[in-house]
1. Can you put 140, 87 in order of Cβ neighbours within 10 angstrom, beginning with the fewest?
2. What percent do you get for the relative contact order of the stretch 63-166 when only Cα pairs under 8 Å and 6+ apart count?
3. Rounded, prolate or oblate for the stretch 49-166? Axes are the square roots of the Cα gyration tensor eigenvalues, ordered a ≥ b ≥ c, and the cut-off for rounded is a/c under 1.5.
4. What distance in nm separates the simple spin-label points at residue 155 and residue 43, each placed 7 Å from Cα in the Cβ direction?
5. If each of residue 72 and residue 114 carries a label point 7 Å out from its Cα toward its Cβ, how far apart are those two points in nm?
């Protein structure tokens, strides 16, 4: 069951979580720069991506915010259900910025196709566990785990992502 947090609690948890994540990944040893994104800034960037997502055949628009030695951050917006994915070498950590979706994890990828970058994509996930995600939820998906975001018709989903190399 996803953890549901208030905005104030989420703000108190995100900063230490991000710092801990970056420390574990070794990024702070590489640079003295810190990157901070406010909720308002992420929501504004997500709104700007919304038109691109609506116009996109797959209902997805995203940007890479920063790249670090062992991970990178992204902001994605979905207006339609995405395909199934398995990331061979990266874990995903989502912070839901706005909207709602169902996350399917586990099970098997239907019609799997291996991509040159070590990723697997497919049409859907069969036999996985489905959980509802809403604004404020935080999700961790380990490398090697099949997953898919399902967006109900008329709904949208905006999320900040850390892709962490494992």
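1. 140, 87
2. 45 percent
3. rounded
4. The modelled label-to-label distance comes out at 2.0 nm.
5. Result for the modelled spin labels: 2.3 nm.
Every read-out reported here was derived from the displayed coordinates using simple, explicitly stated rules and does not represent laboratory data. Worth saying up front: this structure is predicted, and the values here are computed from it rather than measured. Reconstructed Cβ throughout: ideal geometry from the backbone, glycine too, with neighbour counts over all protein chains shown.
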